[in-house]
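Quick notes on the structure that follows.
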Amino acid sequence: MVYLDYNATTPLCPGAKEAMLPFIEGSFGNPSSIHAEGRRARAAVDDARDRLAAVFAVKPHEIIFTGGGTESCNLGVIGIARAHAPRGKHLVTSPIEHHAVLQAFEYLKHFEGFEVDILPVDPAGTVDPETLADAIRPDTTLVSVMHANNETGAIQPVRELADVCRRHGTVFHADAVQSFGKLPLRPHEDGIPAVSIAAHKFYGPKGVGALILSAGVAISRTSHGGAHENTRRPGTENVAGIAGMAAAAEEAVFRDNSKLLPLREMLWGGIADVCPGAIRNGNPELCLANTLNVSFPGADGESLLMGLDLEGICVSSGSACMVGSIQPSHVLVAMGIAAPVAQASVRFSLGCETTPDDIRQTIRALGRVLELQPLAA
């Protein structure tokens, strides 16, 4: 098997597994309990919070643990919007966001009376800070633009976008679920008041994430039932997951991703050889080093994925399967790519275990699969 779907999830790194084992095999206390077993669990959560704070150069109380990236983005968008609603109910985002952000904005628009503006992106899938500046109004209270796109790897100018928001007194939230561990991220230094992360994207466990929220930024809880996480996110903390996330984050900042860029370019070169009509989506200079999104005009995206899977190659489509039909990627369509072309797209995402032989196997397998596809001339 060749696994080239690291943007979907990553294998658990040894440090994360080691950190989790004591709370899976032995210590099982509830961190809210006051007895010795509970205190051991609370100490583990507090230690993980301190370590994560050190990784991001923030204060420990600025870390809010969540059940993953989706919850973190929902809390960041809905929680901040609600808390700042008395000042204004105008919100801004981009069309290439993950559904965890886009659907949170849709909810606020349709059920809580917020007004939402969607910024355009250029053909590389990038938001222009000047366009954002033009969109902000006196009643704009929240802007959310992701750090790097999960489908194309497009990197956004988040520092510039955050600076625009700061000058207008607007809170800026960045979905960094796909970028942390691949790009440098220091929320305070970058001027980003709210950042979402998810452990399983940087070789940590699934089902745990965090919202990094600068002190002084008001937020309303989005669920109820306890005073956990300083009353901001109720629910018993996932002790093992939190311990594993902290360990994975510490490893992530030292991980050398430099090998991924030449491997990605080797993959694209091979794809261009076996399919001269293939289209590379986005700007390779403003893209995560591990991500390659390619359209195969005339091909059937679902058949491509199934064919590659049968060849032992694990990749993803830029499309989402909804109610039995393949829909074109909203990200690619927002970039101006025609729906039929977007529908025939594949995302290759590399990781720490990817080798040159994996790339060669993938190119050969793709060539065999494409022989069965009626590609456009």
Would you look at the GNM of the chain, springs on alpha carbons closer than 10 Å, and say which of Gly15, Gly79, Gly26 moves the most? Gly26
Charge dipole of the chain about the Cα centre (unit charges at C-beta), most positive-ward option of Gly226, Ser214, Gly204: Gly226
What does DSSP give for the stretch 14-252 in terms of the percent of beta bridges that are antiparallel, rounded to the nearest 5? 40 percent
Starting with the fewest neighbours, write out Cys287, Cys314 ranked by other beta-carbon atoms found within 10 Å of each beta-carbon. Cys314, Cys287
Going fewest to most other Cβ atoms within 10 Å around each Cβ, Ser258, Ser72, Ser214 line up as Ser258, Ser214, Ser72
Which net charge results when you count Lys and Arg as +1 and Asp and Glu as -1 among the other residues whose beta-carbon is under 13 Å from that of Gly226? +1
Express in nm, to one decimal, how much length is gained between Asp47 and Glu160 on full extension, taking 0.36 nm for each residue of separation and deducting their alpha carbon distance. 37.4 nm
Decide, for the stretch 1-127, between rounded, prolate and oblate: order the square roots of the alpha carbon gyration tensor eigenvalues as a ≥ b ≥ c, take rounded if a/c falls under 1.5, and otherwise choose prolate if a/b is larger than b/c, else oblate. oblate
7 Å from Cα along Cα→Cβ at both Ala227 and Ile34: what's the point-to-point distance in nm? 1.2 nm
Any idea what the dipole of the chain comes to, in debye rounded to 20, about its Cα centre with Lys/Arg Cβ at +1 and Asp/Glu Cβ at -1? 800 debye
Estimated inter-spin distance, Asp256 and Asp134, nm [label 7 Å along Cα→Cβ]: 4.5 nm
How far, in nm, would the chain grow between Met266 and Ser303 when pulled straight, counting 0.36 nm per residue and subtracting the alpha carbon separation? 10.9 nm
Residue among Phe172, Ala53, Phe105 farthest towards the positive dipole end of the stretch 14-252, charges placed on Cβ: Ala53
Cβ-Cβ cut-off under 13 Å around Glu112, Lys and Arg +1, Asp and Glu -1: the net charge is +1
Extension gain, Ala215 back to Ile279 (0.36 nm per residue minus Cα-Cα distance, nm): 18.6 nm
Taking the Cα centre of the stretch 46-156 as origin, sum charge times position over the Cβ atoms of Lys and Arg (+1) and Asp and Glu (-1), and report the length of that vector in debye to the nearest 20. 340 debye
May I ask for the net charge around Asp128, where only other residues with Cβ less than 10 Å from the Cβ of Asp128 are counted and Lys, Arg are +1 while Asp, Glu are -1? -4
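Every number in this text was worked out from the coordinates using simple rules, so none of it is lab data. The structure displayed is predicted, hence computed values, not measured ones. Methodologically, a virtual Cβ is constructed for each residue, glycine included, from the backbone with ideal geometry; neighbour enumeration extends over all protein chains shown.
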